[in-house]
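Following: one structure in structure tokens, then a few remarks.
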Amino acid sequence: MLLVVRVFLLLGFASALLAAGKKRLISLELEQKVRPKGRNVKLALDPSAYSYLSIRSDSSIANLSLSPWTYIDSVNPHRFPERILQANCSTSGCLNLYRGEEDLSLEAKPIKYQVLVLYRTLKEKKNKKPGKKAKKKYVFKLGTEEITVGCTCVRPNVIPQE
């Protein structure tokens, strides 16, 4: 459930950035200089989104699967969201349906998914007046990360030798 909420949250960021190009949802702040690589976009984050990011639940699907997995926190303070849960396969084989023992004739493989994230970088603004400190300004760049969302059972890929 938490992963689904995060995916929708990240997709919402992407659609907001796309809508910014069409001037529907977010006002654009274009600089004086011509910058072919991108535009500055004012981004306001909804504070209620943080409550969804801090919830951690044990997935019953992960425990009931024939290829069970656990979740590991991936933390990056320069990324939004800072925490992303990554699935980690608990077994190399799959569990037998009747006895619950590990069956090594099948393999447990991770299911990968690419998500949108925002990376925060520090951009210092220079002051024209001497003696004053430079103002800190953060720039967010849209990027992608590949995460593991679960595990599945597959037949091993066997290549016969000649």
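At a glance:
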quantity	calculated
Among (1) surrounded by fewer than 12 Cβ atoms within 10 Å (Cβ to Cβ); (2) modelled with pLDDT of 95 or more; (3) of a type in the set (Val, Ile, Thr), the one test that Thr148 misses	(1)
Matching residues in region 105-145 - criterion: being buried (at least 16 other Cβ atoms within 10 Å of the Cβ), hydrophobic (A, V, I, L, M, F, W, C) and closer than 24 Å to Phe80 by Cβ	Val115, Leu116, Val117, Leu118, Phe140
Test result for Leu122, aliphatic (A, V, I, L, M), assigned to a strand (DSSP E or B) and modelled with pLDDT of 90 or more	no
Residue check for Leu97: part of a strand (DSSP E or B) and modelled with pLDDT of 70 or more	no
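The values are calculated or read from the model by the stated rules, or taken from the named source; none is laboratory data. Note that this is a predicted model, so its numbers are computed, not measured. Virtual Cβ from ideal backbone geometry, glycine too; neighbours counted across all protein chains shown.
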